[in-house]
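Laboratory data are not the source of any read-out in this text; all were calculated from the coordinates shown. What you are looking at is a predicted structure, and each value in this text was computed from that prediction instead of being measured. Positions of Cβ are generated from backbone atoms using ideal geometry, with glycine treated the same way; all protein chains shown enter the neighbour counts.
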Ligand code: PLP
Ligand code: CA
């Protein structure tokens, strides 16, 4: 295969690379859409890939949507129909991780939204915490007197727009109460980019807050951890040598794809510019070479010519 060189995927090479793949894993935000708007030409490109018999899966670090909600978003934006089992978001994958790691009947204290709660319910894990914190009194000293549920054996941290000091207190209390209490984070994305260079803090900030309080490192479900790929591989027969990971972020999508032996394709419609790749390529540090994709495109719409017509 040779070293990864981040070559533009076009022409005959694009046809050959796509012909050799039977599965494509798509990161979502920055690849298929930005916010609520499809990337121009992306629905058509995925339509052609589906028509060519490729298996399409969706691998996203966003814990704010259930599998079912992703199938609806894909349909609404004109992408080919997907079933919930093709969607691997960190809400679903975190629930799956806890299902295997927790004893039956154990509960999770959750910093997150309704999607995390729904995916935990779907695998039968009792949970408490989602939504605004219920404050037992006006001062932090009162919060530390709130009752603890003895069934809680894990603290799960995802995207939580109601994150608060009170919740942080409660998470720490569960982690201190039981040294075997698991600490799990959905992902470490530090920022969520908005249009025009603006950004909002990502889930990584919330995971770090709990890690700092507890002085423990969380297990991270999302990319770049290969746990996400293992979730895909446990649902479908996937041959890494015939699988392409398409993403817009080097330290999550591309790193996971490279570590799992997949062909990696960077698209420039999201958070990464080509000069960042060049800096990794020029570096003497071998670890930085795992951030270099095999190929890049300006947009996945550029795959259309290689898919015929
Ligand atoms: N986490 C949250 C809460 C998000 O809203 C997003 C993107 O919208 C992401 C993570 C990154 O998602 P992806 O892995 O699909 O780029
Ligand atoms: Ca992305």
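GNM on the chain, C-alpha springs below 10 Å: top fluctuator among 64, 124, 158?
For the chain, modelled as a Gaussian network with Cα springs under 10 Å, the answer is 124.
Computed over the Cα atoms, what is the radius of gyration of region 5-53 divided by 2.2 N^0.38 Å, N being its residue count?
On the way: Rg = 12.2 Å, N = 49, 2.2 N^0.38 = 9.7 Å.
Dividing the Cα Rg of region 5-53 by 2.2 N^0.38 Å gives 1.26.
I need 73, 223, 208 ordered by Cβ neighbour count within 10 Å, fewest first. Don't jump to the answer; show the numbers that get you there.
Working: 73 19, 223 31, 208 15.
Placing the least packed residue first, the sequence is 208, 73, 223.
At 1.306 mPa s and 10 °C, plugging the Kirkwood radius over alpha-carbon pairs of region 1-155 into Stokes-Einstein gives what diffusion coefficient in µm²/s? It would help to have the intermediate numbers written out before the result.
Working: Rh = 18.4 Å.
Result for D is 86 µm²/s.
Using only the Cα atoms, what convex hull volume per residue in Å³ does region 129-170 have? Could you put the intermediate results ahead of the total?
Values: hull volume 3.0 nm³, N = 42.
Output value, Cα hull per residue: 72 Å³.
Taking a quarter of the surface of the Cα convex hull of region 161-239, what do you get in nm²? All intermediate terms of the calculation are to be shown ahead of the outcome.
Values: hull surface 30.0 nm².
Spelled out: convex hull of the Cα atoms, projected over all directions, averaged, 7.5 nm².
Based only on the alpha carbon positions, what is the Kirkwood hydrodynamic radius of region 155-309, in angstrom?
One over the average 1/r among Cα pairs gives 17.6 Å for region 155-309.
Cα axis of helix 203-214 to longest principal axis of the chain: angle in degrees, 0 to 90, nearest 10?
Tilt of helix 203-214: around 40 degrees.
What's log10 of I(q)/I(0) for region 10-97 at q = 0.12, 0.20 Å⁻¹, Debye sum over Cα points only, no solvent?
-0.37, -0.95
What is the Cα convex hull volume of region 129-199 when expressed per residue in Å³?
On the way: hull volume 7.9 nm³, N = 71.
Convex hull of Cα atoms, per residue: 112 Å³.
Cα axis of helix 67-76 to longest principal axis of the chain: angle in degrees, 0 to 90, nearest 10?
40
When the expected Rg is taken as 2.2 N^0.38 Å, what fraction or multiple of it is the alpha-carbon Rg of region 51-113? All intermediate terms of the calculation are to be shown ahead of the outcome.
Numbers: Rg = 14.1 Å, N = 63, 2.2 N^0.38 = 10.6 Å.
Working it through for region 51-113, the quotient is 1.32.
GNM on the chain, C-alpha springs below 10 Å: top fluctuator among 234, 63, 259?
234
Starting with the fewest neighbours, write out 167, 54 ranked by other beta-carbon atoms found within 10 Å of each beta-carbon. Kindly include the intermediate steps, with their values, before the conclusion.
Numbers: 167 26, 54 17.
By the 10 Å Cβ count, ascending, the order reads 54, 167.
Sort 264, 212 so the one with the fewest other Cβ atoms within 10 Å of its own Cβ comes first. Kindly include the intermediate steps, with their values, before the conclusion.
On the way: 264 27, 212 11.
Sorted ascending by nearby Cβ count, the order is 212, 264.
Taking only Cα atoms of the chain, what ratio of Rg to Rh do you get with Rh as the Kirkwood inverse-distance radius?
Details: Rg = 20.3 Å, Rh = 20.3 Å.
Here the Rg-to-Rh quotient is 1.00.
Could you work out how far apart the two model spin labels at residue 284 and residue 177 are, taking each label as a point 7 Å from the Cα in the direction of the beta carbon, and quote it in nm?
Placing both labels 7 Å beyond Cα along the Cβ direction yields 5.3 nm.
Calculate how steeply helix 42-51 sits against the longest principal axis of the alpha-carbon atoms of the chain, using the helix alpha-carbon long axis, and give the answer as 0 to 90 degrees to the nearest 10.
The answer is roughly 70 degrees.
For the chain, set up a GNM with springs between Cα atoms under 10 Å and report which of 90, 272, 203 has the largest fluctuation.
272
Give me the distance in nm between label points sitting 7 Å out from Cα along the Cα-to-Cβ direction at residue 123 and residue 40, one decimal.
About 4.1 nm separates the two model spin labels.
Between residue 259 and residue 145, how many nm apart are label points set 7 Å from Cα along the C-beta direction?
For the pair residue 259/residue 145, the computed spacing is 4.5 nm.
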